[in-house]
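J.: There's a structure below that I have some questions on.
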Amino acid sequence: MLGFSARRALPKWRTDTFWRARGPLLGDDAEATLTAAAAGAKTVALFVDTFNGTFERENAIAAAQVLRAAGYPLHIVSKPQGHYCCGRTYLSCGMVEQAKAKAGELIDALLPFARAGVAIVGLEPACLLTLRDETLVMGLGERAELVSQHALLFEEFVARESKAGRFKLKLRSADAPILLHAHCHQKAFGAVRPILEVLRLIPGAEPELIDSSCCGMAGSFGYEARHYDVSMQMAEAALLPAIRKARNAIVVADGSSCRQQIHHGAQREALHVARLLSQLLVAPLVVTS
């Protein structure tokens, strides 16, 4: 009746969202972060998107754990009555004005950090990279341009800081080979190499990139009954067979849609790179619900 395929399991809504989590690692207030940045300290503004904050809060918590463990005080970009959205979901459905309103609100929240030179770090490729693409042609002016210059995916930030000698973690080795599926936005924006570089920070790791195209989920596309068969054909072209073949591998996929498709088609749990790093931390910090 709603156009969704009955062959799909829909994501489950949760009450224990990221924004309801508690613990010392979940961020400083904005003023403290801006003050630290002005003093030349390492700082991060973490933008937690709707998907990772609502459906998979473990990824957002993991990112905070990893950043804190590497010595980065961070501010969680949020608001008292909810959280910020990049507008991607509206844009994918052709609701341009609604998307522009959401994106503008987010950019206004991020602008003070961009002006202070603070890195704006995001987890979901489709959301974070909206700040480097679509928002620049929405008529949002110079503020969107400035924010775009400081917007980085988690793996881009870690790779950059590691090369500069500022990002150091004590990690255990992984107990299995690592298989990587790159999100379409990572491929389009040249962000595949950084995630491979980050995975190589794991002692002894030799990550293997799956030679695949789109996973076939593409947001709501794969959920729709009229697209389900095409979605699965895309996944079966290379992605799912590669995962089934590597039965003991740790599968890494940063895209929410990609992880859902992998779970549906291969009955395997794929991990965001932040979550894998968090699992391998020698002494992770603790978050309570």
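J.: Take the alpha carbon atoms of the stretch 192-261, find their radius of gyration, then divide it by 2.2 N^0.38 Å using N residues; give the quotient.
T.: This ratio for the stretch 192-261 stands at 1.23.
J.: Continuing with the same structure: Once you place label points 7 Å from the Cα toward the Cβ at S173 and V96, how far apart are they in nm?
T.: Placing both labels 7 Å along Cα→Cβ, they lie 5.5 nm apart.
J.: Please give the FRET efficiency for R226 paired with R14, using the beta carbon to beta carbon distance and R0 = 25 Å, rounded to the nearest 0.05.
T.: The pair R226/R14 has a calculated efficiency of 0.30.
J.: Given a 1.4 angstrom probe, what's the average accessible area per residue across the chain, in square angstrom?
T.: Values: 13450 Å² over 289 residues.
Accessible area per residue, the chain: 47 Å².
J.: If you don't mind, another one. Lysine pairs in the chain with Cα distance under 26 Å, only those 8 or more apart or on different chains: how many are there?
T.: Lysine pairs meeting both conditions in the chain amount to 12.
J.: Could you tell me which residue out of C214, G104, A151 lies farthest along the dipole of the stretch 93-214 toward its positive end? Charges go on the beta carbon: Lys and Arg +1, Asp and Glu -1, centred on the Cα centre.
T.: A151
J.: Oh, and also: With charges set only on the Cβ (+1 for Lys and Arg, -1 for Asp and Glu), what does the dipole of the chain come to about its Cα centre, in debye to the nearest 20? Walk me through the numbers on the way to the answer.
T.: Numbers: 32 positive and 28 negative charges, 124 e Å.
Here the size comes out at about 600 debye.
J.: Now for a different question. Counting each pair of different Cα atoms once, what's the Kirkwood radius of the stretch 24-137 in Å, rounded to one decimal?
T.: Hydrodynamic radius (Kirkwood, Cα pairs) of the stretch 24-137 is 14.5 Å.
J.: Report, in cubic angstrom per residue, the convex hull volume of the C-alpha atoms of the stretch 26-86.
T.: With only Cα atoms used, the stretch 26-86 gives 76 Å³ per residue.
J.: Using only Cα atoms, figure out Rg for the stretch 115-237 and give it as a multiple of 2.2 N^0.38 Å.
T.: The value comes to 1.25.
J.: Hey, for a label at H263 modelled as a point 7 Å past Cα toward Cβ, could you say which residues of the stretch 228-256 have their backbone N under 11 Å away?
T.: Output list for this probe position: 256.
J.: Turning to a different aspect of this structure: If you average the alpha carbon positions of the stretch 1-68 and of the stretch 81-147, how far apart do those two centres end up, in angstrom?
T.: 16
J.: According to the Cα gyration tensor, what semi-axes, each the square root of 5 times an eigenvalue, does the equivalent ellipsoid of the chain have, listed from largest to smallest in whole Å? Don't jump to the answer; show the numbers that get you there.
T.: Working: eigenvalues 163, 120, 59 Å².
For the chain, the semi-axes come out at 29, 25, 17 Å.
J.: Same structure again: Compute, for the stretch 47-125, the length of the dipole vector about the Cα centre, with Cβ point charges of +1 (Lys, Arg) and -1 (Asp, Glu) only. Units Debye, rounded to 20.
T.: The calculation lands at about 160 debye.
J.: Under 13 Å from the Cβ of G53, count the other residues' Cβ atoms, weight Lys and Arg +1, Asp and Glu -1, and hand me the total.
T.: Here the charged neighbours net out to -1.
J.: What do you reckon, how do V118, V137, V96, V192 stack up by accessible area (1.4 Å probe), largest on top? Can you show the working numbers first?
T.: Values: V118 0, V137 120, V96 75, V192 25 Å².
Final ranking, largest accessible area leading: V137, V96, V192, V118.
J.: Something else: Ignoring ligands, DNA and RNA, what percent of the 1.4 Å accessible area of the stretch 116-233 is carbon and sulfur?
T.: 50
J.: So, with +1 on the Cβ of K and R and -1 on the Cβ of D and E, and no other charges, what is the size of the charge dipole of the stretch 192-267 about its Cα centre, to the nearest 20 debye?
T.: Its charge dipole is roughly 140 debye.
J.: Take the Cβ-Cβ distance between R7 and R115 as r, set R0 to 45 Å, and report the resulting FRET efficiency rounded to the nearest 0.05.
T.: The formula returns an efficiency of 0.40 here.
J.: So if each residue of separation counts as 0.36 nm, and I subtract the Cα-Cα distance between Q149 and N248, what length gain in nm does that give?
T.: Contour length minus the Cα-Cα distance gives 31.7 nm.
J.: Further, regarding this structure: How big is the accessible area of H183 in square angstrom, nearest 10, if you roll a 1.4 angstrom probe over the protein chains?
T.: Accessible surface of H183 is approximately 20 Å².
J.: Right, another one. Take D229, D28 and sort them by solvent-accessible surface of the protein heavy atoms, 1.4 Å probe, largest at the top.
T.: My answer, sorted largest first, is D229, D28.
The values are calculated or read from the model by the stated rules, or taken from the named source; none is laboratory data. For clarity, every value in this text was computed on a predicted model and none was experimentally measured. Cβ coordinates were reconstructed from backbone atoms using ideal geometry, including for glycine residues, and neighbour counts include every protein chain displayed. Note: accessible area is taken over every heavy atom of the protein model, side chains too, but ligands, DNA and RNA are not part of it. Shrake-Rupley method; radii C 1.70, N 1.55, O 1.52, S 1.80 Å.
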